[in-house]
1. Taking N as the number of residues in the chain, what value does Rg over Cα atoms divided by 2.2 N^0.38 Å take?
2. What is the percent of Cα-Cα separations in the range 45-132 that go past 24 Å?
3. Among 71, 48, 93, flag the residue with its Cα farthest along the positive direction of the charge dipole of the chain, charges on Cβ as +1 for Lys/Arg and -1 for Asp/Glu.
4. Neighbour counts of other C-beta atoms within 10 Å: give me 151, 131 arranged from fewest to most.
5. With axes computed from alpha carbons, what is the tilt in degrees of helix 123-149 against the longest principal axis of the chain, rounded to the nearest 10 within 0 to 90?
6. How far is helix 155-171 tilted, in degrees, relative to the longest principal axis of the Cα atoms in the chain, given as a value from 0 to 90 rounded to the nearest 10?
7. Going highest first, how would you order 101-109, 49-57, 67-75 by mean Cβ packing within 10 Å?
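Where a number appears in this text, it was derived from the coordinates with a stated rule and is not lab data. Not measured: the values here are computed from a predicted model. FYI the Cβ positions are ideal-geometry reconstructions off the backbone, even for glycines, and counts take in every protein chain you see.
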Amino acid sequence: MYKFFILTFFTCFLVQEEQTITWQEDLKLEWNDFKGEPKPVGDAVATTASGISFGYSTTKTSSRLVDYSFSIIAHFYPEKSWSINEPLSNIVLTHERLHFDITELYARKFRQRVSNTTFTNAINNEMEHIHNAINVELGEIQKKYDAETNHSQNIEKQLVWQKLIAIELNKLSNYGS
């Protein structure tokens, strides 16, 4: 069994104190990126810690929102990600990489929703609502991915998920980082 861990941070200013790797189209995680202390639970041999950070700034008057800007970034957290200290297959690494790709997919969905929302002076509550919804959806899809692929053990389903996520990322390429 392989586990994933999702971290999310809401900040008005993007401040990263811990080491992160930002998702990039041509970046492929390697086992040496998983620097955390192994904490196997059950059959777990690896954990991918990834999440979405976001921040925004606003210009308001007392009665209306004048303007806003935002930043939404998918991150991988090396110090919270781990693998056991024995050779693991490329299948397992591919499975773990896809957890990070799924995080980027939901960062794109987040960017899309923010871009397509007409915010009001209650932007703080509106942003929080979108953020919470995205995190729920992201958690659900990560669990579904692990369940359907049996944590990379079902190779056929793993390949289906890889194709599906690639297609979905492509559909939302206008919202890429």
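1. So the Cα radius of gyration is 1.10 times the expected 2.2 N^0.38 Å.
2. Of the Cα pairs, 38 percent sit more than 24 Å apart.
3. Selected residue: 71.
4. Least to most surrounded, the residues fall as 131, 151.
5. 20 degrees
6. 20 degrees
7. 101-109, 49-57, 67-75
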